[in-house]
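The values are calculated or read from the model by the stated rules, or taken from the named source; none is laboratory data. Because the structure is predicted, anything quoted here is derived from the model rather than measured. Here the Cβ positions follow ideal geometry from the backbone for every residue, glycine too, while neighbour counts run over all protein chains shown. Areas reflect the complete protein model, heavy atoms only, side chains present, ligands, DNA and RNA absent. Shrake-Rupley method; radii C 1.70, N 1.55, O 1.52, S 1.80 Å.
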Amino acid sequence: MALRRSPSSNCADPWPNGAWFNQVSTVLSESSSIHSDVLYQLSRDLSGSGLKPMPYAVLEPSGLKEEPWEEEFQSLLQRNSMQVSPSEDKIPDVGPPSSPQASGEGLYFSDGQRKVDYVLVFHHRRHGSLRSPTTASVSQDELSIVSNGNFPPPSSSEALAGGGGGLRREDASVGEVFMELGMARGSGAMEAADHEMQLIRQEFEANLLEAGLEVERDRETKTHGPSFTRIHAPWPVLCREAEFLKIKVPTKQSYELKEESGFGSSMSSVWRKVKQPFQPKVPQQDQGSTKFLSHCFSRDKLHMYNITSKDTFFDNATRGRIVYEILRRTVCVRTCQTIGISTLIAKGVYDSAFPLHDGDYKVTGNLEERNDRQVLFEEWARYSAFYKYQPIDLVRKYFGEKIGLYFAWLGVYTQLLIPASIVGIIVFGYGVATVDTNIPSLEMCDERLNFTMCPLCDGACDYWHLSTACGTARASHLFDNPATVFFAIFMSLWAVLFLEHWKRRQISLSFSWDLTGIEEDEEHPRPRYETILLQKQQRKQKKKKKKKKKNEPEKQEDGTVTGKDRWRQKLLSAMAAGVPVPTVIEKLTWKDRLPGYFMNISSILFMFGLTFSAVFGVIVYRITVSALMAMSPDPEIKSNVRVTVTATAVIINLVVILILDEIYGAVALWLTELEIPKTETTFEERLILKAFLLKFMNAYAPIFYVAFFKGRFAGRPGSYVYVFNDYRMEECAPGGCLIELCIQLSIIMLGKQLIQNNIFEIGIPKLKKLIRALKEKEPTQKQKDEEKTPLQWNLDYALAPFEGLTPEYMEMIIQFGFVSLFVASFPLAPLFALLNNVIEIRLDAKKFVTELRRPVAARAKDIGIWYNILSGMGKLSVIINAFVISFTSDFIPRLVYQYMYSPSGTMHGFIDHTLSFFNVSNFRPGTAPHSSDHGDVTVCRYKDYREPPWSSDAYQFSKQYWCVLSARLAFVILFQNLVMFLSLIVAWVIPDVPKTIVEQLKREKKLLVNLFLQEEKEKFQLIQSLFVKDATLHPKSQSPSAGQAFPILGRYSTLPSGPTAPDGPRARCRAASFSQFSEKISSLPRKENANSKHTAV
């Protein structure tokens, strides 16, 4: 902040009332978010009330001279000036290159040599009205303030009245209080907000220049539209940041990987030949049996690295990451107290920031000259390459480790779905093969048994024969057979095997990608966190000012601070507020986050209630539609009641799930913002947990209802449970609820995959692109004659921004739940998941390569919290499958009947055993069928284990019921413990770290130690040779004493120390370096002292 006197001001001009007046023009920036209150109070004191003119005599007595004030302002200007003048801006403004080839199709600066590593984009906004630069002068001056919005905006009349040109905004300093004496003139054409954004950009880009980056921007000739600022990181900056970020790079040292021998080697070679047709044609995909040692980059060890070209030693992804790290920590102190490009984008200073793609993805020239993006498009992002392996190493090289790990995880998951699909097909085939020999199904289809069942609804429904449900019984056997239990156990072990295999694959990738031993990067606070923290600091400052104001009247009565001294004290305090002083580091506490936590809990509970309400609404729909269709006189409608109601209800469930999915995603984002997480990692983890919790309940609530609640609270004939006192609770189909669970699961799973993949991931982005093209159609037609080939930054800016991997992971995690949680009811779920994932991989690949801007290459050692979610779902699947088999299917009742109640030890008579008797005379009045086509019926049957009406405990649960219930609970315990035990064995047998990786890590560590020792040895020998050579050049000089002729390795410095020669100054001790030695080193004896001792490397 600085104060200065305008050279154009005229202090001697009298005001109409005879007093002298001043115009005080204040240019404030977002740095006023800290001390804007002080300046605002100052401006109020200067202007009397609000922003009105005020006589200068009130501030300065007439007898006071002006010179001391001017001297004081000049001294304050010298001490506190923090001005970034546009005249000091050394960033070149260039127009577009004459031809795309001149700048490498938009990949280089205008000189065609410096590579564009990052692009910043901001918009020139079109203003509806501009202020006139020539307005009538007024007879009084105003306090004009250019602010970030912390000050009350002046009205239009005040703006016009004070629109003088005493302060030229383009000449205003950043963050200075500019006092100008003179009349007011017209304001500039630029809006205050846009001018403030320009000042912030100027300071930010000036700080980037100070950090060593090279910046080039467009010549600002356009009145509206995007403007691009291009950033290049030169070699010294890349080296400095690579050392700071501890980026591992390959050294010249290499070693041969240990190859298998014997039977294992022959099997590996055979397996490689089998996989050869499925490998993508990627250059340098197979590095052979040689691996280069990697080490964290160090500028002192440049000779260790194989640097053939400084332009290509760091690949484009690494260069973009280095520039992003600089952008992330660059501060704006003078214009706005913020850190990093993310905060500036959130404030609207920049529209976006992104690294460039490696040119167009379409191959136009020679196939051998393809860039990485073109290789990825040809070999990875095309549906015709669905049968090929993914080029994971190239994906990691181009997009970074985080995205590479996602596609590697998706590939492992898809590969392991192949054996699960094969086993599921075998189980389904077993059901198809045994459906004609299944005794319970044959008994249900046997019309001779003549089981007369109780009516399905009250009054309008008639009695019916069980043989009419033959089709349902046969379909149920396809999924409810003894092989289902085996498949459930297999899938529980498959989930454990998948997680263990992924851990090994993840560690292998970490080793090959040089991620072992990396440290977590320090993260800067999120923009919203900084904003809330700033508001908290402002509230504290206001409280302190209120306390000071209470004491101010007493001081004024004592005469200690009055008049000019009071104004001077406020001015100095306002200026001092801009000087950084050591303060207590503020942070948000649980009290600040308490409203957000309360809103989170209440909103999540409300969303749960909304999900349950949707499920209950579908239940009511099923009940009412079933009753209405049963009352229909059309026999075809009556016969298709169950199929129609089930199909339409599932479709309604699917539509509701898809709608609530989108709502819950937005709600989870909003709730996470309310928690005010400090860093992006914390924000992402909390967002994932909330979104997963809400979407899990939304997707699986209807399935849980059908699996565990439907038909269990319906009651019995004569004592049914009613909804709204009119409609009976729905019951399971005669073949059991498992077939309905299968229908529900299959339709929801397939519907979500097809609709989300085809509509949400393909259709909506294409629709947005079409709308954007239609909006830009008119200006494009006007400029068609002048239009040139678009540069790469224009093409990339037209792409959609990368918004993270959370939606991609979430879709696969929900699918994993369908595959593992209820797989006992739908053995074909892994097959449909496999078919979906084969398309999903290529769809996501095409989206990343062709439709999204290039994301910043982010380092990651693992998939983060998603692994914990997968592990939790794997354990939950064991429990759910145990309950599905024991309570939803008829597997346990069949076992109990066959081994306890069957006279012949077979399944003959099982259907009759599961049906109870009901005396129709015990119907409640009005609930019996009004008319019946089955003649005189005295007893009907219903599915349950209850005592017959002639028993003393009529309609109570029978002994068979309790026997079956105990068997079901015992099966749950046995199944759960057995699967958990087998899972522990699988996890124990399969080590997390492959043995080969352990051996290679030890070998690399040993080789690196030997490499460094050899380097130190060569360095020491060089120093000794220099001393010997120096001794031969000065034979008459005094030779050093024994034991001190040469420095001792490991104890003393590589340079001797001691008294200097009489004719020269004493040499300064330094650490050994090849460039620090010459032939003119003094060989006089030197005494050892404390300065000569250094720690040996």
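Filter region 936-966 down to the residues that are open to solvent by less than 30 Å² (accessible area, probe 1.4 Å) and over 27 Å from S467 (Cβ atoms) and list them by number.
Of everything in region 936-966, just one residue is open to solvent by less than 30 Å² (accessible area, probe 1.4 Å) and over 27 Å from S467 (Cβ atoms), namely C963.
Which of the residues belonging to region 323-345 are hydrophobic (A, V, I, L, M, F, W, C), over 12 Å from A211 (Cα atoms) and part of a helix (DSSP H, G or I)?
The answer is I341, L344, I345.
If you check A420 against the conditions, is it without any contact (Cβ under 8 Å) to a residue 60 or more places away in the chain and either touching a strand residue (DSSP E or B) at 6+ places or on another chain (Cβ under 8 Å) or at negative phi (or both)? Spell out how you get there, then give the answer.
Details: without any contact (Cβ under 8 Å) to a residue 60 or more places away in the chain: no; either touching a strand residue (DSSP E or B) at 6+ places or on another chain (Cβ under 8 Å) or at negative phi (or both): yes.
No: the conditions fail for A420.
Collect the residues in region 979-1004 that are of a type in the set (V, I, T), out of contact with any Ser or Thr (no Cβ under 7 Å at 6 or more places or on another chain) and in contact (Cβ under 8 Å) with a residue 60 or more places away in the chain, keeping them in residue-number order. First the steps, then the outcome.
Let us first name the residues in region 979-1004 that are of a type in the set (V, I, T), namely 979, 985-986, 989-990, 993, 996-998.
From the residues that got through so far, the ones that are out of contact with any Ser or Thr (no Cβ under 7 Å at 6 or more places or on another chain) too are 985-986, 989-990, 993, 996, 998.
V986, I990, V993, T996, listed by residue number.
Only one of these conditions is not met by P893: (1) under 30 Å from F511 (Cβ atoms); (2) open to solvent by less than 30 Å² (accessible area, probe 1.4 Å). Which number is it?
The number of the failed condition is (1).
What single numbered condition from (1) of a type outside the set (D, E, K, R); (2) under 30 Å from T531 (Cβ atoms); (3) not in a helix (DSSP H, G or I) fails to hold for H357?
(2)
Output the number of the condition that Q535 fails; it satisfies all remaining conditions of (1) at pLDDT 75 or above; (2) more than 25 Å from R328 (Cβ to Cβ); (3) open to solvent by 60 Å² or more (accessible area, probe 1.4 Å).
Of everything listed in (1) at pLDDT 75 or above; (2) more than 25 Å from R328 (Cβ to Cβ); (3) open to solvent by 60 Å² or more (accessible area, probe 1.4 Å), Q535 misses just condition (2).
Could you please find all residues in region 587-627 being open to solvent by 30 Å² or more (accessible area, probe 1.4 Å), among the hydrophobic types (A, V, I, L, M, F, W, C) and at pLDDT below 80?
Matches in region 587-627: W590 only.
For K252, state whether it is charged (D, E, K, R), outside any strand (DSSP E or B), farther than 30 Å from A798 by Cβ and at pLDDT below 90.
No, not satisfied.
Might you let me know whether region 413-430 holds any residue that is in a helix (DSSP H, G or I), surrounded by 21 or more Cβ atoms within 10 Å (Cβ to Cβ) and of a type in the set (G, A, S)?
Checking region 413-430: at least one residue is in a helix (DSSP H, G or I), surrounded by 21 or more Cβ atoms within 10 Å (Cβ to Cβ) and of a type in the set (G, A, S).
Give the residue that is farthest from Q956 (Cα to Cα), with candidates limited to residues of region 696-715 that are surrounded by fewer than 22 Cβ atoms within 10 Å (Cβ to Cβ) and in contact with an Asp or Glu (Cβ under 6 Å, 6 or more places away or on another chain).
Checked region 696-715; the qualifying residue farthest from Q956 (Cα to Cα) is G711.
Determine which member of the set E1004, E1018 is among the acidic types (D, E), surrounded by 13 or more Cβ atoms within 10 Å (Cβ to Cβ) and more than 30 Å from V496 (Cβ to Cβ). Break it down stepwise before answering.
Numbers: E1018 fails: surrounded by 13 or more Cβ atoms within 10 Å (Cβ to Cβ).
Of E1004, E1018, the one residue that is among the acidic types (D, E), surrounded by 13 or more Cβ atoms within 10 Å (Cβ to Cβ) and more than 30 Å from V496 (Cβ to Cβ) is E1004.
Among helices (runs of 4 or more DSSP H) lying entirely in region 761-806, which contain 1 or more residues that are at pLDDT 75 or above and either within 28 Å of the chain's Cα centre (by Cα) or surrounded by 13 or more Cβ atoms within 10 Å (Cβ to Cβ) (or both)? Before the answer, list the steps.
Working: elements: 764-775, 777-782, 792-797.
Hits in region 761-806: 764-775, 792-797.
Quickly run through region 400-410 and pick out the residues that are open to solvent by less than 10 Å² (accessible area, probe 1.4 Å) and of a type outside the set (S, T, Y). Give the derivation first.
Residues of region 400-410 that are open to solvent by less than 10 Å² (accessible area, probe 1.4 Å), as a first pass: 400, 403-410.
The answer is G400, I403, G404, L405, F407, A408, W409, L410.
From the set of residues in region 662-685 that are touching a residue at least 60 places away in the same chain (Cβ under 8 Å), charged (D, E, K, R) and within 15 Å of T806 (Cα to Cα), which is least open to solvent (accessible area, probe 1.4 Å)?
Restricting to residues being touching a residue at least 60 places away in the same chain (Cβ under 8 Å), charged (D, E, K, R) and within 15 Å of T806 (Cα to Cα), the top hit is E684.
If you scan region 360-394, which residues turn out to be in contact with a helix residue (DSSP H, G or I) (Cβ under 8 Å, 6 or more places away or on another chain), of a type in the set (A, V, I, L, M, F, W, C), open to solvent by 20 Å² or more (accessible area, probe 1.4 Å) and farther than 19 Å from K275 by Cα?
Scanning region 360-394 gives V363, F377.
Out of region 435-446, which residues are out of contact with any Asp or Glu (no Cβ under 9 Å at 6 or more places or on another chain) and open to solvent by 30 Å² or more (accessible area, probe 1.4 Å)?
Of all residues in region 435-446, those out of contact with any Asp or Glu (no Cβ under 9 Å at 6 or more places or on another chain) come to 435-439, 441, 444-446.
Answer for region 435-446, where residues must be out of contact with any Asp or Glu (no Cβ under 9 Å at 6 or more places or on another chain) and open to solvent by 30 Å² or more (accessible area, probe 1.4 Å): D436, T437, I439, C445, D446.
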